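The values are calculated or read from the model by the stated rules, or taken from the named source; none is laboratory data. These numbers come from a predicted model, not from an experiment. Cβ: placed from backbone, ideal geometry, glycine included. Neighbour counts: every protein chain shown. These accessible areas exclude ligands, DNA and RNA; they are computed on the full protein's heavy atoms, side chains included. Shrake-Rupley method; radii C 1.70, N 1.55, O 1.52, S 1.80 Å.
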Amino acid sequence: MKYTRLTKEQLEELHPEFINFLATQSITAEEWDTIKQNSPAVAEEEIDIFSDLVWEGVLAKAEFLEHFSKDQIHLFRLLEDEMKLIAIKVEDDTIDITTQGGYDWLRENLLDDRVVFFNANKPYNEDKNLDKFNIIQQGASITKGELYLYFEKIMNHQNNG
């Protein structure tokens with residue numbers, strides 16, 4: 001398996017897609033029930049293959065990732081041949097930006113000396129979807145990119161102003 005198996009809830013959500021996946025392999029509902037009963041290892045292998053296909057599709061479409069920790073935000077823009085990173089670090093141990101109060105403080109104090117911005121570009125390794133997946137495994141979420149675009153504007157304004 002290249003990624004991780006979808007959870008039971010995710011599989012239930014994707015039930016119609018899973019039925020189509022089985023159909024592409026000429027496996028009927030009755031045959032699937034028999035496989036689950038008599039060959040659980042084969043059934044698990046089919047679920048793993050389906051999970052990887054779903055992950056490949058999701059990762060290929062992902063354009064932005066966000067990862068929050070107590071004192072940092074990492075915002076990724078996933079381009080065709082590289083990732084762009086905007087990182088925001090709060091250099092004050094009393095502020096936790098994973099809380100509403102800490103996040104509000106950050107929004108109101110972006111120009112404070114304790115708020116440091118970094119940006120970087122990083123080419124993908126040989127498998128860009130796996131690079132994206134590894135960031136998700138570390139706690140990042142796929143987003144529409146509102147925060148990335150917001151901070152990109154701020155950084156461009158600071159650099160040009």
Worksheet item: Only one residue in Ile136, Ile97 is touching a residue at least 60 places away in the same chain (Cβ under 8 Å) and open to solvent by less than 60 Å² (accessible area, probe 1.4 Å). Which one?
Response: Ile136
Discussion item. Among the residues in the range 94-103, are any under 24 Å from Asp52 (Cα atoms) and out of contact with any strand residue (DSSP E or B) (no Cβ under 9 Å at 6 or more places or on another chain)?
Written reply: no
Discussion item. Against the conditions (1) in contact with a Lys or Arg (Cβ under 8 Å, 6 or more places away or on another chain); (2) open to solvent by 30 Å² or more (accessible area, probe 1.4 Å), where does Ile154 fall short? Just the number, please.
Written reply: (1)
Response to the item:
In the set Asp48, Asp81, the lone residue that is touching a residue at least 24 places away in the same chain (Cβ under 8 Å) and open to solvent by 50 Å² or more (accessible area, probe 1.4 Å) is Asp81
Worksheet item: Between residues in the range 11-25 that are over 12 Å from Val54 (Cα atoms) and residues that are surrounded by 13 or more Cβ atoms within 10 Å (Cβ to Cβ) and among the aromatic types (Phe, Trp, Tyr), which pairs lie under 9 Å by C-beta distance while being six or more apart or on different chains?
Response: Ile19/Trp32; Leu22/Trp32; Leu22/Phe50
Practice prompt. For the range 60-161, please list each of the helices (runs of 4 or more DSSP H) lying entirely inside it that holds at least 3 residues being of a type outside the set (Ser, Thr, Tyr) and more than 18 Å from the chain's Cα centre (by Cα).
Written response: 100-108, 146-160
